[in-house]
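Written out below as C-alpha cells is the structure these notes cover.
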Amino acid sequence: MDQLIHTGPLLSAGATLHMPFCNVYGGEDKAPIKMLGGMDERKPSVTWYCDNRAVGRFRFTCEHGHRGHVMNLCEKHRSQYWNGVTFCPRCNQPGMPGHRCKVGMEAVA
C-alpha cells in the first residue's frame, strides 16, 4: 500500500509526494504474488512483506533475456539482491539442473 505525504510549501502548490512501500515479495501487488519480481513463477507458501519505504524501482534480467516485472525496493532489499541473485529460476528448469546464468538488477525510471 502506498502513502501520500503532503509537506510544507508543496502543500500550498498542490504537490504530493508519492512514497510506496518496498515490494520485494509482491505483497503490495493486487495481482497474484510473484517472487523475485516475477523471475520465479512459483507461488510462495507464505506471504511476506516489507514495511520499509522504497528508494527506487528495479527489475531483474538474466543473460538469456528473461525479465521480471518492475518492483519498488527499499535500500536494504536493493543492497541484498543487487548482486545476490545467483541464477534465473526460469532457466534453471528440469532438464537443466544446476544451470546458473548471470542475473543482474537494473534501476528503472
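Values computed for the structure shown
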{"item": "Segment 54-69 - residue that is farther than 17 Å from CYS101 by Cβ and touching a residue at least 40 places away in the same chain (Cβ under 8 Å) and, of those, surrounded by the fewest Cβ atoms within 10 Å (Cβ to Cβ)", "result": "GLY56"}
{"item": "Lone unmet requirement of (1) touching a Cys at 6+ places or on another chain (Cβ under 8 Å); (2) exposed (fewer than 13 other Cβ atoms within 10 Å of the Cβ); (3) of a type in the set (S, T, N, Q) for ASN72", "result": "(2)"}
{"item": "Of all residues making up segment 72-92, the number that are assigned to a loop (DSSP other than H, G, I, E, B) and without any contact (Cβ under 8 Å) to a residue 40 or more places away in the chain", "result": "6"}
{"item": "Subset of segment 75-102 (residues that are aromatic (Phe, Trp, Tyr), surrounded by 15 or more Cβ atoms within 10 Å (Cβ to Cβ) and more than 13 Å from ASN23 (Cβ to Cβ))", "result": "PHE87"}
{"item": "Residues (crowded, with 18+ Cβ neighbours inside 10 Å and either modelled with pLDDT under 80 or in contact with a His (Cβ under 6 Å, 6 or more places away or on another chain) (or both)) located in segment 14-32", "result": "CYS22, VAL24, TYR25, GLY26, GLU28"}
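The values are calculated or read from the model by the stated rules, or taken from the named source; none is laboratory data. Keep in mind that this is a model prediction, so the values were computed, not measured. Neighbour counts run over all protein chains shown; Cβ positions are idealised from the backbone, glycine included.
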